[in-house]
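See below for the structure under consideration.
Just so you know, all these numbers are worked out from the coordinates, no wet-lab data involved. Just so you know, these numbers come straight off a predicted model, no measurement behind them. Here Cβ is always computed from backbone atoms with ideal geometry, including for glycine, and neighbour counts include all displayed protein chains.
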């Protein structure tokens, strides 16, 4: 009877080390040093010490994940968004506003190789006037997910609130999701873009097939928004623009 050699599966044990973070990189990751290398650890702030697990080690740098944080930085704060840490949007809500501005200023200075003046900033919340939300229909649950991509993944994180969005846009999220979920063409939806224009909110819906008449009626019922074709794209892709004003709708048709 023939016998075939089967190599034993190699078991690797990831190294656990204790490090102290002394800086932030341009992406908000904590930067420490280990064996002469730069070590990047997501979720840690300067002055924080933690036990970390090495997950990706290169010749000149390495990445690690936090196993246990041993102390808190004076500049650590509780993230305002419930999706922080899962959603791939914001990276520094766990850091105080002053620290965020300092790290971004330092990163810009390193890139430009020159001194950078103090950052001119308005409110740290409600400033974002544009957001592109991914749409993903789940056949098993028969539900539509609307949100941002998960960090380092193509999975969609269901977003029910977003404190960095302009308040008008954030308030629209539940109603937009409810309306999109009711469409018969829900499986053909790609993404929806919300824009806070000077004259009111604007919504752009991208889908891979023409909306049936019933779906257009649902749009007409959605806060008096009117659907109208904007432009034709390859592979039967369309754009529908929905514009709203506080006291009525003005419909514009494009050839």
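Here are some notes:
- Global form of the range 58-213, assessed from the alpha-carbon gyration tensor, a/c cut-off 1.5: prolate
- Footprinting exposure proxy ranking of 114, 129, 177, fewest other C-beta atoms within 10 angstrom first, gives 114, 129, 177.
- Spatial separation of Cα centroids for the range 78-146 and the range 15-56, in angstrom: 20
- For the range 16-112, the pair-distance distribution built from all alpha carbon pairs, in bins 5 Å wide starting at 0, is 3, 14, 24, 24, 20, 12, 3, 0 percent.
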